[in-house]
Amino acid sequence: MTVESTAARKPRRSAGTKSTAGKRTTARNAPGAEPQLVQLLTPEGERVKNADYDKYVAGITPEELRGLYRDMVLTRRFDAEATSLQRQGELGLWASLLGQEAAQIGSGRALRDDDYVFPTYREHGVAWCRGVDPTNLLGMFRGVNNGGWDPNGNNFHLYTIVIGSQTLHATGYAMGIAKDGADSAVIAYFGDGASSQGDVAESFTFSAVYNAPVVFFCQNNQWAISEPTEKQTRVPLYQRAQGFGFPGVRVDGNDVLACLAVTRWALERARNGEGPTLVEAYTYRMGAHTTSDDPTKYRADEEREAWEAKDPILRLRRHLAAANHTDEGFFAELEAESEALGRRVREAVRAMPDPDHFAIFENVYADGHALVDEERAQFAAYQASFADEGGN
């Protein structure tokens with residue numbers, strides 16, 4: 001499998017699908033022109049200067065650039081394997097990050113070890129940056145555990161399925177570390193659809209009032225399942241921060257270098273006691289919302305193809321080649337490594353043991369509860385009935 005290309009996985013649009021690209025562009029640009037993105041690498045891989053953010057990546061080495069490229073390639077390979085596993089019945093569901101690798105890897109590599117991450121359920125690239133074993137991400141989607149890792153082991157919270165609720169968790173945690181006098185920061189990930197949730201607005205209010213050291217990182221992939229962004233907001237998402245009294249910035253979410261720089265800037269503000277920041281990473285979901293979704297029902301092929309030309313992995317590869325920072329041997333070795341990762345993930349998923357059926361009754365109450373004991377006994381009798389039927 002070629003991990004750098006999305007062309008092999010292009011869905012076909014049904015005959016009844018109408019192109020909405022022109023209508024969406026008009027709505028998104030109103031009432032003024034499209035706001036300028038923070039961009040350090042063009043889609044062609046050309047390095048462009050930015051007076052405000054260049055200093056945050058000024059010391060980056062060719063080795064570090066290759067590391068960012070490796071992160072994105074391996075994350076995409078893992079994601080592709082997980083999608084295949086779901087299609088083959090090995091996972092109940094999967095939320096792909098295809099197209100959002102730069103936003104996640106760039107922001108993830110900006111973090112320090114003592115920073116704390118609150119993800120949604122699509123931050124597989126951030127999990128990779130935090131050292132979470134990719135196979136641990138799959139247990140919940142296979143239905144064998146309720147999370148799969150110790151959040152405090154990597155300062156990476158469990159995936160949150162309830163849309164937007166993790167922003168409140170992040171805000172509360174950030175308020176706590178501020179009271180403790182720590183200089184670490186917190187980052188909360190969410191999508192453009194989640195930005196319409198009341199929990200997100202509440203977290204903006206509390207973080208601003210209490211000057212919490214939190215970065216709100218919104219991956220605007222432009223589609224909240226089947227709802228385009230203009231159904232969520234009349235202004236660019238990053239501008240919402242102004243109403244709460246803290247800064248917002250829109251970054252090219254397909255530019256890993258710009259995402260790295262902007263996130264470092266926002267984290268620096270948080271650590272310096274300057275409060276929250278909203279980062280809107282303007283990117284695109286090249287695949288489905290989840291494996292239960294069919295984007296051909298609501299999205300035009302032309303739109304997706306235009307964004308495939310801005311592929312974040314291809315962009316950095318072009319830059320590496322133009323700057324003579326690597327050779328074909330590096331790419332060949334990485335391709336072999338990615339295939340090995342895919343095999344390891346597949347083998348690990350199929351070897352996952354079935355969960356303990358009675359684990360759901362543990363830790364419900366600190367001191368136990370009569371009703372839970374009764375329900376456990378009823379469930380035990382129910383399980384035993386299958387053994388009795390087999391014996392007969």
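What to note about this one:
- A value for Rg/Rh (Cα atoms, Kirkwood Rh) was derived from the coordinates, and within the list (1) 1.02; (2) 0.96; (3) 0.99 it appears as (3).
- Pairwise FRET efficiency - Ile161 versus Arg234, Cβ, R0 = 25 Å, nearest 0.05: 0.30
- Cα-projected label distance for Gln88 with Tyr365, points at 7 Å along beta-carbon direction, nm: 4.5 nm
- Relative contact order of the stretch 250-392, defined on C-alpha pairs under 8 angstrom at six or more residues apart (%): 16 percent
- Cβ-Cβ FRET estimate between Asp354 and Glu374, R0 fixed at 35 Å, reported to 0.05: 0.90
- Tensor-based shape of the stretch 86-154 (alpha-carbon gyration tensor, a/c under 1.5 rounded, otherwise prolate or oblate): oblate
- Stretchable slack from Arg47 to Glu339, in nm (0.36 nm times residue separation minus alpha-carbon distance): 102.1 nm
- Of the peptides 299-305, 179-185, 370-376, the ranking by mean beta-carbon count within 10 Å, highest at the top, reads 299-305, 179-185, 370-376.
- Pairwise FRET efficiency - Asn146 versus Gln383, Cβ, R0 = 22 Å, nearest 0.05: 0.70
- From helices alone, the chain scores -14000 deg cm²/dmol at 222 nm; the rule is -39500 (n - 2.57) for each run of n ≥ 4 DSSP H residues, then divide by the residue total.
- Within the accessible surface of the chain, defined with a 1.4 Å probe on protein heavy atoms only, the carbon and sulfur portion equals 50 percent.
- Residue-span extension gain [Glu63 to Lys297] - 0.36 nm each, minus C-alpha spacing: 80.0 nm
- Whether the stretch 224-343 is rounded, prolate or oblate, judged on the alpha carbon gyration tensor where a/c under 1.5 counts as rounded: oblate
- Between the C-alpha center of the stretch 345-373 and that of the stretch 242-301 there is a gap of 35 Å.
- Equivalent-ellipsoid semi-axes for the stretch 163-240 (Cα gyration tensor, √(5λ), whole Å, largest first): 26, 11, 10.
- What the chain shows is 45 Å² of accessible area per residue, with the surface traced by a 1.4 Å probe over protein heavy atoms.
- Set of the stretch 98-124 residues, backbone N closer than 14 Å to the point 7 Å along the Cα-Cβ line of Glu268: 110-111
- By average C-beta atoms within 10 angstrom, highest first, the peptides 141-154, 345-358: 141-154, 345-358
- Across the stretch 112-213, the fraction of Cα-Cα pairs farther apart than 15 Å, rounded to a whole number, is 61%.
The values are calculated or read from the model by the stated rules, or taken from the named source; none is laboratory data. Being a predicted model, the structure only gives us computed values, none of them experimental. All Cβ positions, even for glycine, are placed from backbone atoms using ideal geometry, and neighbour counts span all protein chains on display. Please note that ligands, DNA and RNA were not included when accessible areas were found on the heavy atoms of the full protein model with its side chains. Shrake-Rupley method; radii C 1.70, N 1.55, O 1.52, S 1.80 Å.
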